Amino acid sequence: MPSPAPTVLWFRRDLRLADNPALGEAVGEARAEGSDVVGLYVLDPALWATAGPVRQAYLARSLRALHASTDGRLVVRHGDPRAVVPAVCAEVGARSVHVAASYEPYGRRRDDAVEEALATAGVRLRRTGSPYAVAPGRVRTRGGTPFQVFTPFRTAWLEHGWRAPAPLPDDVAWAALASDGLPDAPEPGARLPEAGEAAALARWRAFLADGLADYPTDRDRPDLVGTSYLSPALKWGEIHPRTLLADLASAVRSGAVPEEAAATYRSELAWREFHADVLFHHPGAARRSLRTVVPEDAWATGAAEDAMLAAWREGRTGYPVVDAGMRQLLGTGWMHNRVRMIVASFLVKDLHVRWQRGAEHFMAHLVDGDVSQNQLNWQWVAGTGRDAAPYFRIFNPVTQGQKFDPDGAYVREWVPELRGIAGKAVHEPWKLAGAAPGYPERVVDHALERKVSLEDFERGRGR
């Protein structure tokens with residue numbers, strides 16, 4: 001008598017076993033049939049090619065950790081999921097494929113195509129859960145429309161609530177199946193954090209115990225270790241936001257963490273989910289501004305744009321906190337969130353380069369590069385997105401550096417040319433003649449370019 005056909009669990013942005021509802025469904029079905037589970041990851045060339053060396057390297061390491069967690073039985077197949085997933089099902093005789101639902105534009109198109117291909121062979125694609133505490137599209141206004149503003153979205157999101165973390169199944173019977181092997185990733189050229197579910201959980205528990213209480217004040221300080229640094233783990237689903245939210249509630253109940261700190265962190269998770277919701281309703285926002293704020297002739301073009309963009313990318317604008325951030329990105333594949341806002345504002349409003357060019361550079365180098373978060377946060381800074389900062393809000397790179405890196409420690413860490421300048425004077429090296437040999441002159445005058453941006457904004461309003 002032939003063995004019962006296994007079920008398939010198709011991993012994508014859920015590279016973990018704990019709090020994985022799709023895994024629970026796959027295991028439940030397999031046990032009911034007396035079969036086992038094929039743990040499948042499809043290395044999609046369309047996504048791999050756009051990831052960049054840093055995310056490729058991190059993904060390869062995360063898959064290695066997942067491979068170990070599945071008793072060395074993670075099945076990695078290389079190719080187009082529209083062909084690979086049905087082929088795996090045909091190979092093992094599976095009648096269902098379990099996944100966490102995708103909500104980004106490419107993922108939705110891919111899953112619809114895979115579902116259609118599977119259906120022709122009588123196989124079901126079963127979506128359970130998502131990478132979010134509340135799935136995009138679920139939270140709406142009382143009139144049934146998508147939210148345009150974050151604060152009421154957050155209120156509705158909190159009122160909606162979320163499920164408790166999914167239990168981890170005991171003794172998963174992983175099927176043995178031929179694999180194409182883990183991907184060969186290039187050397188990232190950056191110091192990456194440890195990848196994998198265990199590392200993400202350890203990082204979160206350490207932050208919960210030692211860092212969260214000071215999060216409301218320290219999270220804006222790039223010179224301090226004031227953030228959880230979980231964005232790469234959230235990007236790849238090594239940990240789920242539902243787990244974080246449950247742990248926050250538990251920590252508040254026990255008195256280990258002040259409610260204010262938990263509420264601030266919870267709000268950051270809501271911000272992440274707001275942008276996923278915006279992209280779900282406006283998939284074109286990945287490339288196009290949701291609204292126009294300045295005339296087309298306001299943007300730099302040609303050789304001038306290329307020169308400014310190159311100086312910004314390489315961290316040689318002459319503005320220390322900007323250059324420190326850009327060099328941190330190249331050195332670690334990550335950048336502190338406050339500094340992301342500063343460098344983005346500088347590119348768009350001081351150098352007059354379209355936000356899409358900056359977003360493209362970030363996606364090429366960020367280990368946590370995520371379409372909805374990256375593109376919509378850029379649109380926030382550029383004043384073109386939903387509930388975006390007003391275009392006339394222009395970050396002053398000097399005062400931002402002085403406020404959030406008051407002793408200049410962050411700048412000196414990433415800009416070695418300035419290590420000889422003590423204290424906050426490091427944010428204005430041009431005032432100290434000869435103190436910073438080798439450090440570039442300012443590419444623009446912030447005061448002048450701020451005036452130009454405001455004039456462009458007024459011209460745009462008059463049209």
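Details
- Residue ranking by accessible heavy-atom surface, 1.4 Å probe, largest first, among 69, 130 comes out as 69, 130.
- Counting only protein heavy atoms and a 1.4 Å probe, the range 155-218 has 59 square angstrom of accessible area per residue.
- Rounded accessible area of residue 403 (nearest 10 Å², 1.4 Å probe): 140 Å²
- When 73, 338 are compared by accessible area at a 1.4 angstrom probe, the order from most to least is 73, 338.
- The helix-based estimate of mean residue ellipticity at 222 nm for the chain, built from -39,500 (n - 2.57) per DSSP H run of four or more residues and divided by its residue count, is -15000 deg cm²/dmol to the nearest 500.
- The slack in the chain from residue 392 to residue 422, taken as 0.36 nm per residue of separation less the alpha-carbon distance, amounts to 7.5 nm.
- Here the Karplus curve 6.51 cos²θ - 1.76 cosθ + 1.60, taken at θ = phi - 60°, turns the phi angles of the range 99-105 into couplings of 9, 8, 4, 9, 10, 6, x Hz, with x standing for Gly and Pro.
- Note on residue 363: accessible area is roughly 40 Å² with a 1.4 Å probe, heavy atoms of protein only.
- Listed residue (399, 119, 388) projecting farthest to the positive dipole end of the chain, Cβ model: 388
- Shown for the range 292-414: the carbon plus sulfur share of the solvent-accessible area, taken with all protein chains present and a 1.4 angstrom probe, equals 54%.
- Ranked order, 71, 223 - accessible area, probe 1.4 Å, largest first: 71, 223
- Average accessible surface for the range 35-83: 37 Å² per residue, computed with a 1.4 Å probe over protein heavy atoms with every protein chain in place.
- Each residue of the range 179-192 was assigned a 3J(HN,Hα) from its phi angle through the Karplus curve 6.51 cos²θ - 1.76 cosθ + 1.60 (θ = phi - 60°); the sequence is 10, 6, x, 5, x, 8, 9, x, 5, x, x, 8, 7, 9 Hz, with glycine and proline shown as x.
- Selection among 301, 28, 93 by position relative to the dipole of the chain gives 301 as farthest towards the positive end (Cβ unit charges, Cα centre).
- Accessible surface of residue 29, taken over heavy atoms with a 1.4 Å probe and every protein chain present, rounds to 40 Å².
- Cα-centre dipole for the chain with unit charges at Cβ (Lys and Arg positive, Asp and Glu negative), debye to 20: 900 debye
- Near the amide H of residue 126, within less than 5 Å, lie the amide hydrogens of 97, 98, 99, all on another chain or at least 5 residues away, with H placed in the peptide plane.
- Computed about its Cα centre, the charge dipole of the range 1-110 is approximately 400 debye, with only Lys, Arg, Asp and Glu carrying charge at their Cβ.
- Charged side chains reduced to their Cβ positions (Lys and Arg at +1, Asp and Glu at -1) give the range 343-463 a dipole of some 360 debye around its Cα centre.
- For the range 231-245, Karplus couplings with θ = phi - 60° (6.51, -1.76, 1.60), whole Hz, Gly/Pro x: 4, x, 5, 5, 4, 8, x, 6, 9, 9, x, 4, 5, 4, 5
- Considering only 169, 151, 179, the residue lying farthest towards the positive end of the dipole of the range 135-180 is 151, judged by Cα position with unit charges set on Cβ.
- Within the accessible area of the range 149-190 (1.4 Å probe), percent carbon and sulfur: 51 percent
- Inverse of mean 1/r across different Cα pairs in the chain, Kirkwood, Å: 23.8 Å
- Residue separation of residue 151 and residue 90 scaled by 0.36 nm, minus their Cα-Cα distance, works out to 17.2 nm of gained length.
- For residue 385, the residues whose modelled amide H falls within less than 5 Å of its own, excluding neighbours fewer than 5 places apart on the same chain, are 380.
- Within straight-line cross-link reach of residue 451, lysines at Cα separation under 27 Å, skipping those fewer than 8 residues along the same chain: 349, 403, 424, 431
- If you model the range 374-417 as an ellipsoid using its alpha carbon gyration tensor, with each semi-axis the square root of five times an eigenvalue, the axes come out at 27, 12, 8 Å, biggest first.
The values are calculated or read from the model by the stated rules, or taken from the named source; none is laboratory data. Keep in mind the model is a prediction, meaning the values are calculated, not measured. Don't worry about glycine lacking a Cβ; one is built from the backbone with ideal geometry, like all the others, and counts go over all protein chains shown. Quick note on the areas: whole protein, heavy atoms, side chains included, nothing else; ligands and nucleic acids left out. Shrake-Rupley method; radii C 1.70, N 1.55, O 1.52, S 1.80 Å.
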